[in-house]
Structures are given as structure tokens and as C-alpha cells.
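A short write-up of the structure that comes next.
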Amino acid sequence: SQQGEEDPQALSIQEGENATMNCSYKTSINNLQWYRQNSGRGLVHLILIRSNEREKHSGRLRVTLDTSKKSSSLLITASRAADTASYFCATATGANSKLTFGKGITLSVRP
Amino acid sequence: DAGVIQSPRHEVTEMGQEVTLRCKPISGHNSLFWYRQTMMRGLELLIYFNNNVPIDDSGMPEDRFSAKMPNASFSTLKIQPSEPRDSAVYFCASSLAGDYGYTFGSGTRLTVV
């Protein structure tokens with residue numbers, strides 16, 4: 001079963017605009033992670049936010065976590081055509097921090 | 001480090017044949033994971049190992065699937081006999097234990113005809 005569910009399923013924006021992607025989950029987590037997957041490639045880890053953190057930044061990425069609402073958002077600022085990819089939210093749960101992925105968001109950035 | 005290395009990149013096999021997928025994790029990582037990705041079901045965790053020991057294989061679809069990790073630098077996922085519904089991309093990933101991200105390999109695209 002899917003622990004994390006991303007929203008929207010697909011997003012199309014113009015280069016230079018910001019992209020916001022959301023993730024909701026059901027059970028308590030140890031941490032939440034975002035990954036990117038380019039077509040035909042493996043997943044690439046972008047950023048991890050722990051359950052006791054509320055916001056984290058990495059370059060053009062900003063992640064927020066609201067444990068009371070069981071939700072997270074990923075903001076990509078000043079998007080580029082190279083940001084075109086699928087983005088996955090993943091939640092780490094349990095003693096071994098098993099990672100469960102959502103079905104992903106397809107982001108298209110138009111040049 | 002060359003990252004997580006999977007082989008083969010592509011595999012086409014006939015129904016009923018045995019398939020073996022291979023993975024070399026990043027040196028020093030003590031956790032290894034096998035995932036399967038399909039359009040219908042997304043990314044599914046099949047099995048994971050900590051320090052070469054299988055911890056959770058509840059995602060392995062059925063007895064036709066088996067995985068081993070004989071040492072810290074090598075793991076295999078075997079399907080015997082293979083069926084068309086096993087067609088998918090199989091990913092191996094490794095990480096350090098704790099609050100760390102996973103490093104994924106490039107995957108093996110398996111087609112069973």
C-alpha cells in the first residue's frame with residue numbers, strides 16, 4: 001500500500017516559474033525524503049527532512065514538513081527545463097526506517 | 001565511487017526461465033534494498049538487508065522470488081520460474097543505517113515473453 005501520496009499527479013510550468021509539489025501520508029514517520037527520476041534512469045535522492053524538523057533548504061529546493069497534518073511540500077524555485085522529471089515523496093517508518101514511495105509527480109518545465 | 005552498480009541493464013527472457021539480477025552496493029553502506037517499479041503499482045519494496053542479513057522480505061511477491069547477500073559487496077535477486085507479469089524495472093539501492101537517503105542503481109529492465 002502507498003504510504004505517501006503526491007499531489008498533483010502532473011504539473012506543467014514555464015521555465016523560471018516556481019514548482020510546488022505536495023505529499024500526504026498516513027502514519028507517523030522517522031523522516032520524509034524527496035527523490036527525482038529522469039526517464040529511464042534510477043532515482044536520485046534530493047533532500048531528507050526529519051520528523052522533528054519543519055523546513056529545510058538545499059540550493060533551489062525548499063522542503064516543509066507538517067507532522068500535525070501529515071503533509072510535506074517540495075518547492076523548486078526558478079525552474080529550469082532540466083528539472084523536467086518525476087518526483088517522488090518517500091516516508092521512512094519503523095525501527096529500520098523502511099522507505100515507502102508514493103506514485104510520483106510528473107513535472108514538465110517548458111523552455 | 002561508481003555508485004550502485006546493477007547488471008544486466010536489460011534482460012529479455014522466455015516465460016519459465018530463471019532470471020538472476022545482480023547488485024553491487026556502495027562500499028561502506030550497510031543497508032541494501034531491492035525495489036520493483038511498474039506503471040500500475042509504482043515502486044514496491046521487495047526485500048531489504050542490514051549488514052547482509054535479510055530483515056524484511058514481506059514484499060517478495062511469491063516463492064518464485066529469492067534474494068541473497070553473501071557478502072557486503074554483492075547481492076542477487078532471482079526469479080525462478082519467470083512469468084510475463086514479472087516484467088518491470090528492478091532497482092537496487094543502498095544506504096547507511098539511520099536518517100540517510102538511498103543511492104539507487106540504474107535498474108534492470110526485465111521483459112518476460
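Read-outs: derived from the displayed coordinates by stated rules, not from any lab. Predicted, not measured: the structure shown is a model, and the values here were computed from it. Heads up, the Cβs are rebuilt from the backbone with ideal geometry, glycines too, and the neighbour counts pull from every protein chain shown.
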Radius 14 Å from Cβ of A:ASN38, net charge of other residues (Lys, Arg +1; Asp, Glu -1): +2
Net charge of Cβ neighbours under 14 Å - reference A:THR100; Lys, Arg +1; Asp, Glu -1: +2
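At 1.306 mPa s and 10 °C, plugging the Kirkwood radius over alpha-carbon pairs of segment B:1-75 into Stokes-Einstein gives what diffusion coefficient in µm²/s? Write out the running numbers ahead of the final one.
Working: Rh = 13.5 Å.
The diffusion coefficient I find is 117 µm²/s.
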Most to least packed among B:53-59, A:68-74 [average Cβ atoms within 10 Å]: A:68-74, B:53-59
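How about segment B:1-96: which GluC sites (Glu not before Pro) there are in a DSSP loop, with at most 13 other Cβ atoms within 10 Å of their Cβ? Please list the in-between numbers first.
Values: sites: B:GLU11, B:GLU14, B:GLU18, B:GLU44, B:GLU62; in loops: B:GLU14, B:GLU18, B:GLU62.
The qualifying sites are B:GLU14, B:GLU18, B:GLU62.
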Restricting segment B:22-79 to trypsin sites (Lys or Arg not before Pro) in coil, as DSSP defines it, with at most 15 other Cβ within 10 Å: B:ARG41, B:ARG64
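Would you mind checking A:LYS56/B:LYS24; A:LYS98/B:LYS24; A:LYS26/A:LYS56; A:LYS98/B:LYS68 for any pair whose Cα atoms are more than 27 angstrom apart? Spell out each step's value before the answer.
Values: A:LYS56/B:LYS24 31 Å; A:LYS98/B:LYS24 20 Å; A:LYS26/A:LYS56 21 Å; A:LYS98/B:LYS68 19 Å.
In this structure, A:LYS56/B:LYS24 lie more than 27 Å apart at Cα.
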Globularity index of chain A, i.e. its alpha-carbon radius of gyration over 2.2 N^0.38 Å: 1.01
Charge context of B:PHE49, other residues only, Cβ under 15 angstrom, K/R +1, D/E -1: +3
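Given the Cα-Cα distance of B:THR38 and B:ASN51 and 0.36 nm per residue of separation, how much length would full extension add, in nm?
Full extension of this stretch gives 1.9 nm more.
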